[in-house]
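In what follows, a structure is listed as structure tokens, so that the remarks can point back to it.
The values are calculated or read from the model by the stated rules, or taken from the named source; none is laboratory data. Predicted, not measured: the structure shown is a model, and the values here were computed from it. Positions of Cβ are generated from backbone atoms using ideal geometry, with glycine treated the same way; all protein chains shown enter the neighbour counts. Ligands, DNA and RNA are stripped out before the accessible areas are found, and what is left, the full protein with its side chains, is counted by its heavy atoms. Shrake-Rupley method; radii C 1.70, N 1.55, O 1.52, S 1.80 Å.
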Amino acid sequence: MAKLGNAEFNPDVWAISNEYVRGTMIHDFLKINSPITDKDRSFIIHQLGNSTAYFEYDVNPAYYIGSSPKAGHLKAYLVAFIIDQQTGKVRDIQVYPKLE
């Protein structure tokens with residue numbers, strides 16, 4: 001996800017930023033919270049806020065990053081934190097479309 005940028009993650013800045021700025025911070029967020037599979041859904045929501053997108057189930061926090069899908073001039077991505085239904089912890093991260 002470093003392709004989108006290497007800005008330092010700050011939850012206060014994330015909260016007031018658009019999708020583009022959030023995209024520049026997601027790499028750092030994942031890096032400082034590695035392994036992300038040690039984190040649970042409440043941690044993700046606490047750090048990133050309520051979902052801005054939907055991915056398969058309401059339990060999976062999902063966020064648009066890179067650009068708004070409506071803006072069109074930059075590629076929009078959706079990053080979803082897949083939550084294990086048994087443990088409540090992050091099982092995987094999905095990015096759509098895949099970063100190339």
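Residues of the stretch 74-91 that are open to solvent by 60 Å² or more (accessible area, probe 1.4 Å) and assigned to a strand (DSSP E or B): K89, R91. For the stretch 43-71, taking the residues that are assigned to a loop (DSSP other than H, G, I, E, B) and among the aliphatic types (A, V, I, L, M), the one that is nearest to the chain's Cα centre (by Cα) is identified as A53. Under the condition of being in contact with an Asp or Glu (Cβ under 8 Å, 6 or more places away or on another chain) and of a type outside the set (D, E, K, R), the residues counted in the stretch 8-36 number 2.
Scan the stretch 2-14 for residues that are open to solvent by 50 Å² or more (accessible area, probe 1.4 Å) and either among the hydrophobic types (A, V, I, L, M, F, W, C) or touching a strand residue (DSSP E or B) at 6+ places or on another chain (Cβ under 6 Å) (or both) and the total you get is 1.
Summed over the stretch 43-57, residues that are among the aromatic types (F, W, Y), within 10 Å of F81 (Cβ to Cβ) and touching a strand residue (DSSP E or B) at 6+ places or on another chain (Cβ under 7 Å) total 1.
Taken over the stretch 15-42, residues that are open to solvent by less than 50 Å² (accessible area, probe 1.4 Å), without any contact (Cβ under 8 Å) to a residue 60 or more places away in the chain, part of a helix (DSSP H, G or I) and under 29 Å from Q86 (Cα atoms) amount to 4.
Can you find even one residue in the stretch 40-53 that is closer than 16 Å to L4 by Cβ and modelled with pLDDT under 95? Taking every residue of the stretch 40-53 in turn, at least one turns out to be closer than 16 Å to L4 by Cβ and modelled with pLDDT under 95.
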